[in-house]
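*Asks:* Mind having a look at this structure? Questions to follow.
Quick note: the coordinates plus some simple rules give every number you see, no bench work behind them. Computed from a predicted structure; not experimentally measured. A quick note on method: Cβ atoms are made from the backbone with ideal geometry, for glycine too, and the neighbour counts reach across all protein chains shown.
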Amino acid sequence: MSKNELEMWHFAGDENTSNYLLDLVLAGRKRASSSSLEAYRIQDEDIPKVGELSIVTDWNGRPHCVVKTTNIQIIPYRDITFEIAQLEGEDDSLDSWREKHAAFFMREGKELGYEFSEDMDVVFEEFELVEIIKGNK
């Protein structure tokens, strides 16, 4: 990818969840995302860097907004606190966040070939909404 190209991506592994999480970003509620560090390694992808811009799409690849990475933390899954988890804007309790994310990491691990554990490192990316791309809904 050249310096002038922005990475394009969508949330989650299914259409409903992906579009729901995008809506949370557009509403200003979702300001972070978490991913398995092992998934980055297996897929040979770079971890996002502070200051990078990217385009968030819906499940079908239509661009909806530009976000800027503001902070990256690599944290063992077991050490995620509610204070951190609530930046994702998805859950109203740490138990709910853990349940949903453990299920996601287990599914993803089966697909990619890693095993979920509470000791697994999570890439926690905080971002800010920079621009909403008009004309998509």
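*Asks:* Order by neighbour count: Leu26, Leu112, fewest other Cβ atoms within 10 Å first, most last.
*Replies:* Leu112, Leu26
*Asks:* Taking the Cα centre of the stretch 7-132 as the origin and placing charges on Cβ (Lys, Arg +1; Asp, Glu -1), which of Ala85, Leu53, Val123 is farthest toward the positive end of the dipole?
*Replies:* Checked the options; the winner is Leu53.
*Asks:* Here's a follow-up. By counting other Cβ atoms within 10 Å of each Cβ, how are Arg29, Arg98 ranked from fewest to most?
*Replies:* Arg29, Arg98
*Asks:* In Å, the Kirkwood hydrodynamic radius of the stretch 59-137 over pairs of distinct alpha carbons?
*Replies:* 14.5 Å
*Asks:* In whole percent, what relative contact order does the chain give with Cα contacts below 8 Å and a gap of six or more residues?
*Replies:* 34 percent
*Asks:* Report the gain in length on full extension from Gln73 to Trp9: 0.36 nm times residue separation, minus Cα-Cα distance, nm rounded to one decimal.
*Replies:* Gain on extension, Gln73 to Trp9, equals 21.1 nm.
*Asks:* Follow-up question, since we're still on this one. What share of the DSSP beta bridges in the stretch 1-96 is antiparallel, in percent to the nearest 5?
*Replies:* Bridges in the stretch 1-96 that DSSP calls antiparallel: roughly 60 percent.
*Asks:* Using the 10 angstrom Cβ neighbour count as an exposure proxy, how do Lys110, Lys134, Lys100 rank, fewest first?
*Replies:* Values: Lys110 11, Lys134 7, Lys100 15.
If I rank by nearby Cβ atoms, fewest first, I get Lys134, Lys110, Lys100.
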